1. Before rounding to the nearest 500, sum -39500 (n - 2.57) across all DSSP H runs of length at least 4 in chain A and divide by the residue total; then give [θ] at 222 nm in deg cm²/dmol.
2. Could you run the Debye sum over the Cα atoms of chain A, one equal point scatterer each and no solvent, and tell me log10 of I(q)/I(0) at q = 0.07, 0.11 Å⁻¹, two decimals?
3. Let me confirm one metric for peptide B:334-342, namely the mean number of other chain beta-carbon atoms within 10 Å of its residues' beta-carbons.
4. Based on the Cβ-Cβ distance from residue B:174 to residue B:209, what FRET efficiency comes out when R0 is 25 Å, to the nearest 0.05?
5. Students often get this wrong: which residues of the stretch B:247-286 have the backbone nitrogen under 17 Å from the point 7 angstrom along Cα-to-C-beta of residue B:198?
6. If I model a spin label at residue A:449 and residue A:14 as a point 7 Å from the Cα along the Cα→Cβ vector, what separation in nanometres do I get?
7. Order of B:125-132, A:110-117 by packing, highest average Cβ count within 10 Å first?
8. Kindly put A:68, A:170 in sequence by how many other C-beta atoms sit within 10 Å of each C-beta, fewest to most.
């Protein structure tokens, strides 16, 4: 194996993964109620296609999509739709989201499932469509629709990278999946490789997961297209661009994709989901989630149906400890806090972390920035976080952009090492949203200006047209007057003639 | 279960480092140097430190109270105390209390708090205070006492305190006995008068093998403290390394040209405030360059300026002026030394932004 490359910065963090890997993955049962959000990923939400009172079967589509960046949503179990209503979502905004509430009938009755022909006979575009119809999104946490990532759009893909780094502390769902179900990942990798027409597949795993590496390696030995690579443990090596750097030594261009280097990166759990979707006709209706942290009694990994309330998972993990004070979806570095454990599991829920006061900075201990530059050292993108901080504080949006704020991946390294405990990442999110807002405003004002200009032009045109019309009419009238005069003159002449004749007669 | 309805933002991690701990560690790293200082030059420096610390905390607390900022928690960050100690270390051992007070109060109030407090001051407060004193009270600021082994009589801790507070010298001591020039001063003046260095070094007993009696060991001790900070990764290696390397290079060149006229590189490294400056003063993150390349430039600039001021200037040492001049240039250096961001090919990171 080639010596791995390194990306700049990063942090060696305490893993805390052992606490949740002691027990095998537990299959959670069917909850009393399923709360299935229609919007579970970046892009447009699904549109509800079931009605209140309707009976649905397991795997039946309940939300359909028309936009490109979107995938459908399926019923995780059979039962009755009892309501469709707004519900707090597991999302940073915390804004309510349309949720289909299903009361399971307990039969877990599948919709009709037709066995598929050999997938290698299928056309890649057909495969992508099936993957889309199965509602598959990236399961690493970002939940980007997978079928889009499996489209090589004209590139000759050299390598498909399956990301099993799982670099964030506490999270172990991918680790457990790799240990217990390596064949699912490899079968999924086969399908993805076919969809992309990729040369080889690399499964990258951090060195701290020897069991996962062994279990995959045992199956990979006979496959010449598959490589299992262990990579050094350093956060955020599981970031897409960082992983590409570690494996290939190449930088993904700013604002670009690994596709620009003829590479595609997907999560290992996504590969397993693809396998289930195509080989077993099972859409994405469940996922493995790590329930962990010092705030739960018995941390472990649980396979839960999408829509299961988080509180059910907490119960399965032995319940809260007395001093649990923060509920986080995702890991400690990039996770979002949840206000209630009634929030349902969504496709992006890789971890449910329950913290106690000792796990995080509780009171505001922020001090002024002393420009120590620790943040500069750990930034994996080589940004200057402290400069960005000054510019965010002063709302200097222009400088923020020239200092490349949009290359920030929000990994949180800078915030962790800051001796002044400044929530740097939060400042950067704020800066980004301010820039977006301003751009929207610019677009709006541009449109308004265009409209005003168009209106002025139109009014001018109408005015000009009217003027022309008037002129034409005036000319016509003038011409009419001439004609009148001519007629009058003729009449006068005739009259004169007549008079003359009469006079002649008279004479 | 319901949790806090307030949104908390990632990362959700316990505090790793803190400003207070950083400042405390820097102060701890100063201890070996201070101890050696006391051993070779008497208790005076300790009196300086105590008085300067007192005035520093007093001035900072006063301004914070006037500015209606939290006094106690801010004082706990340790920055004012560190400023006081660093300024105290730059002063001659037996300095009158009012000189210390003027320097420290200027450093804290004018050079730091008037700019907005910690993190916002463009100039190193301790060095600003020192330069103000050097320019305002040149006589008091150039009264260096001899190393104890050359002195006929020295002051006890109590006598040193009494002298600083009242100007009362113990019996048998007079002002001349504690008003000497430093080795760097002597070398420069005598060379200007046409003497060559080997003659100067043999004539003045204050010189030792490396540089001056005592000062060389003080520098060794500060170097040790600085290396400890480096080892603990509490300061960046770039500034001290480039500073010392720049000094070594330029003094080496001149020394090779004429070793009888120019002091040797080792003399420069272990004389005056070189090590204190390299590891504890130039590394003040607030006023130094922040980019990795910028720090190399900043350190090298300090090193060159120290040598130039020492060799051709008129002051006992060049560290304070060198650091302040480089503080002045830091924003410019930062502007031109931005790192190449990952994913950009050209060094300017210029690319049209698309959200």
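1. -12000 deg cm²/dmol
2. With one equal scatterer per Cα and no solvent, log10 I(q)/I(0) is -0.45, -1.00.
3. Across the residues of B:334-342, the mean count of other-chain Cβ atoms within 10 Å is 6.
4. For R0 = 25 Å, the calculated efficiency reads 0.25.
5. B:255-265
6. Label-label distance for residue A:449 and residue A:14, simple model: 5.5 nm.
7. B:125-132, A:110-117
8. Ascending Cβ contact count within 10 Å gives the list A:68, A:170.
Every read-out reported here was derived from the displayed coordinates using simple, explicitly stated rules and does not represent laboratory data. Please read these numbers as outputs of a predicted model, since none were measured by experiment. All Cβ positions, even for glycine, are placed from backbone atoms using ideal geometry, and neighbour counts span all protein chains on display.
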